[in-house]
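The values are calculated or read from the model by the stated rules, or taken from the named source; none is laboratory data. Because the structure is predicted, anything quoted here is derived from the model rather than measured. For neighbour counting, all protein chains shown are included, and Cβ atoms are generated from backbone atoms with ideal geometry for every residue, glycine included. With ligands, DNA and RNA removed, areas are computed over all heavy atoms of the protein, side chains included. Shrake-Rupley method; radii C 1.70, N 1.55, O 1.52, S 1.80 Å.
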Amino acid sequence: MKNIAFVTFLFILCLVFLGIYQLDPPAAVSVSAPLVEFSSSRAIKHLEVIAKKPHPIGSAASAEVRNYIVQQLTTLGVKPEVQTTSVINEKWGTPFVAGNVANVIAKLEGTDRTKAVLFAAHYDSIAQGVGASDNGTAVVAMLENIRALKAGSPLKNDVIFLFTDGEESGLLGAKAFVDQHPFAKDVEVAFNFEARGNSGSSVMFETSDQNGWVIQEFAKAAVHPIGNSIFYTIYKILPNDTDLSIFKKAGWSALNFAYLKGFNYYHTFVDNLKNVDERSLQHQGEYILALSRHFGNLNLENTKDSDAIYFDILGLTLIHYPEAWVPPLTIFVTAFFVMVIMLGLKRRQLTIGGIILGFFAFLFTIFIASATVTLAWWVITTVHSGYQVFAQGDTYNSNFYLVGFVALTIAITSSLYTLFSKKISISNLAVAALLGWLILMIITSLFLPGTSYFFTFPLLFTLVGWGLIFAIEPITRLPKTVSDDSKKRINMGVRVTILSVCAIPGIILLTPTIYIIFLALTLSMSGAIAVLVGLQLGLLIPYITLFRNGNKFLLSRFALLISLGFIFAGSLTADFTAKYPKPNSILYGLNADTGKAIWASLDQKPDEWTSQFLSQNPQKVTLTEYLPTVSWQFLQNSASVVSLSPPDIQLLKDNVENSTRTVHLQITSPRKARILRVYADTKTEILEAAVNGKKIDINHTHNNTQNAWGLDYFAIPPEGIELTLSIKRSQPLKLKAVDQSEGLPKIPGKFTSRPNYMMPTAFGGGVSNSTLVSKSFTF
């Protein structure tokens with residue numbers, strides 16, 4: 001029995017390891033690779049230039065990166081075009097987002113084109129980081145792929161490479177291309193490449209609607225596909241957007257790719273060249289090359305089909321089928337479940353009462369495991385308060401805690417099921433857990449069909465195992481010389497063999513999915529991850545019988561020891577260092593109306609660096625003088641006044657027609673700030689608005705909100721912007737203008753350079769490490 005337990009435990013462990021190991025991206029390829037292949041080593045040389053310094057939209061560094069891209073495209077024999085225009089994105093309502101963008105566009109013309117294929121990546125970074133992964137790797141992957149495609153045979157369709165500007169500021173470059181560029185009308189299929197970390201495989205995490213055709217072709221093209229329809233279901237729930245949101249709205253068939261590991265590097269200063277995993281770049285590049293050659297030679301006249309359910313198997317292949325198959329699959333598995341139950345009852349292996357008790361035991365076990373893991377993470381973040389500064393909810397050493405929490409879930413689950421097995425048979429406990437899976441399968445099939453496969457196939461294969469066990473009579477017709485203990489061991493061996501074989505699909509399917517979901521949700525959602533692990537363990541309940549003889553709690557104790565060891569390892573590595581710096585925030589605000597200035601921070605409390613700007617007991621308030629539409633609470637303290645020129649608004653024209661007053665304004669930033677924010681008084685009803693002659697759809701604002709009408713304009717030109725507002729004739733027009741520049745003013749006695757174990761955070765609207773100057777105007 002001990003040998004069976006050890007071999008089975010090792011078997012399951014190997015399957016789990018295989019599932020996670022196959023998530024590793026492909027190996028980096030050297031510069032000596034054939035010219036028609038993608039080489040991450042060739043591509044990363046571009047990154048050495050692009051990721052030298054922060055290059056947000058409208059900055060001098062952004063112009064340098066853009067010029068480099070244009071130069072490289074020209075060298076490759078492509079005729080690049082720079083699309084320079086102003087654009088407005090009304091998607092999120094007030095404050096509306098607008099700006100001056102400069103997209104770089106390159107087209108490889110096809111020999112017998114039907115429609116065009118678009119590959120997109122934004123080349124701008126946040127102001128607080130150099131953007132090596134987000135999104136430098138995608139940019140250089142496109143450059144290297146253009147070179148590889150030029151070295152090979154020409155494609156039938158046009159392939160357009162779009163390097164967008166202003167993605168970080170509100171998807172501005174993508175919006176400008178779709179709305180204003182003539183190439184956009186030719187696009188039928190679009191692929192967008194991103195990063196939300198610094199390593200890991202590139203996951204296909206989002207699709208357009210009616211994705212059946214594009215998923216089918218992606219499955220044919222991709223060499224190492226990682227993706228499934230459950231990721232998109234989760235992504236839609238999260239408050240995230242990429243350029244693909246714009247492409248989908250244009251009606252294009254589209255896929256989105258990103259690598260997710262290392263979320264704590266995302267939108268920080270440590271998203272630099274040193275921390276990029278070159279293998280992730282290789283995976284992005286291999287996707288682009290394979291998709292270019294495949295879709296570049298397809299007929300693109302009809303790219304829509306009914307939605308598909310899809311999932312990869314160990315990154316080797318992508319299984320897909322129409323969403324229409326979900327109902328019959330659900331009915332089939334439900335019917336099969338009933339048949340297995342009836343067979344188990346007939347063979348007296350199951351009882352109705354035992355299944356009911358087992359079902360409540362299943363729910364109780366998952367609840368206790370999730371609650372314990374959630375409590376454990378709360379205790380850890382209380383002891384190590386530094387973890388609370390990560391807005392992403394992740395840590396640099398998150399893998400320690402992941403292993404620790406998974407092991408803790410195993411310890412709790414195995415302990416409880418060992419106790420339950422004294423009153424409830426293992427067969428009843430196991431089938432009761434399958435009842436929980438059946439309920440989840442039915443619910444997801446009805447309301448979240450993209451996630452239904454996650455429950456359907458592991459349940460189906462496990463039911464097959466139990467059906468075989470109930471169908472096969474116990475082996476009793478053995479020679480009389482065989483002892484009862486030997487017969488018991490033989491029966492146990494048969495049961496374990498059947499269940500182990502039937503467990504393979506579930507473990508291989510669930511393990512990598514749960515791991516990627518953890519990367520997406522981070523440690524802040526550890527309780528949810530414990531639920532998923534608990535569900536998976538529900539399929540493995542019979543294996544606890546292997547430890548019933550001898551030390552019943554051996555697995556529980558071993559798992560608890562592993563858990564404590566990894567949690568302790570996490571605690572030992574909790575300190576911030578130059579390699580793993582601490583994020584913090586500080587901004588300087590000057591109110592030109594009152595002549596007063598402030599320091600403000602989104603941190604929970606002052607640290608050893610921000611305390612020089614903030615008192616030990618700073619006020620916690622909203623910054624209505626600078627960010628009137630933002631409800632966040634900032635730590636605030638008074639600051640010395642620095643002489644800074646405020647933004648200026650000049651009245652160009654004031655017309656009155658019937659009951660409507662139309663005001664034409666010129667708004668500038670004398671101190672050449674990069675961002676300009678304009679807000680109307682909350683009592684002012686804006687009837688119409690336009691910026692630089694482009695009308696703003698005001699239907700996106702004042703929808704059950706008390707926010708003032710506002711506009712955030714990025715990359716302000718030297719001459720400023722022209723804003724036209726229409727209001728009721730009887731109303732005065734009260735505006736507040738706020739301009740924002742990077743960096744803090746030099747004030748005697750204040751050290752504006754952070755220690756090497758700290759870095760500015762980009763979370764909180766991108767105002768960290770910035771200077772804001774506000775002024776009010778009445779017309």
Reachable aspartates and glutamates from Lys653, criterion Cα separation under 14 angstrom, eight or more residues apart if same chain: Glu722
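How do the peptides 393-400, 617-624 rank, highest first, by the average count of neighbouring beta carbon atoms within 10 Å per residue?
Working: 393-400: 20.0, 617-624: 14.6.
Most protected by this proxy first, the peptides run 393-400, 617-624.
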Order by protection proxy (mean Cβ within 10 Å, highest first), peptides 455-467, 602-614: 455-467, 602-614
Packing-based ranking, highest mean first, of 285-294, 44-53, 570-579, 748-757 given that Cβ atoms within 10 Å are counted: 285-294, 44-53, 570-579, 748-757
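FRET efficiency for Lys156 and Thr334, Cβ-Cβ distance as r, R0 = 35 Å, nearest 0.05?
On the way: r = 47 Å, r/R0 = 1.33.
Result of the calculation: an efficiency of 0.15.
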Cα long-axis angle, helix 212-221 against the chain (0 to 90 degrees, to the nearest 10): 80
Listed candidates (i) 156; (ii) 202; (iii) 186 - label of the one calculated as volume of the Cα convex hull per residue in Å³: (iii)
Between helix 326-346 and the chain: long-axis angle, C-alpha atoms, 0 to 90°, nearest 10: 30
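Roughly how many percent of the accessible protein surface of the chain is carbon and sulfur, given a 1.4 Å probe and a whole-percent answer?
Values: 19080 of 32270 Å².
The value for the chain is 59 percent carbon and sulfur by accessible area.
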Reachable lysines, given that their alpha-carbon falls under 21 Å from the alpha-carbon of Lys115 and they are not under 8 places away in the same chain: Lys79, Lys107, Lys150, Lys156, Lys175, Lys185, Lys220, Lys248, Lys249, Lys304
Qualifying lysines (Cα of each under 16 Å from Cα of Lys683; at least 8 residues distant if same chain): Lys728, Lys734, Lys736
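Taking 8 Å as the Cα distance limit and 6 or more residues as the minimum spacing, I'd like the relative contact order of the chain as a percentage.
On the way: 1598 pairs, mean separation 112.9, N = 779.
Once divided by the residue count of the chain, the mean separation gives 14 percent.
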Using alpha-carbon coordinates, inclination of helix 452-471 to the longest axis of the chain, degrees: 0
For the stretch 382-533: rounded, prolate or oblate by the Cα gyration tensor [a/c cutoff 1.5]: prolate
Per residue value of the accessible surface for the stretch 488-592 (all protein chains in place, 1.4 Å probe), Å²: 39
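Just need the relative contact order of the stretch 535-686 here, percent rounded to a whole number, with Cα pairs under 8 Å and 6+ apart. Display every interim value, and only then the final one.
Working: 151 pairs, mean separation 21.1, N = 152.
Value for the stretch 535-686: 14 percent.
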Under 5 Å, built H, 5+ apart or other chain: amide partners of Gly200: Ser280
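Shape verdict for the stretch 59-163, please, from the Cα gyration tensor: rounded (a/c under 1.5), prolate (a/b greater than b/c) or oblate. Walk me through the intermediate numbers first.
Numbers: a/c = 2.20, a/b = 1.53, b/c = 1.43.
Prolate, because a/c is 1.5 or more and a/b exceeds b/c.
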Inter-label distance for Ile490 and Asn297, nm, one decimal - labels placed 7 Å from Cα along Cα-to-Cβ: 5.8
From phi via Karplus (6.51, -1.76, 1.60), per-residue ³J(HN,Hα) for the stretch 551-558 in Hz, x at Gly/Pro: 7, 5, 9, 4, 5, 4, 5, 5
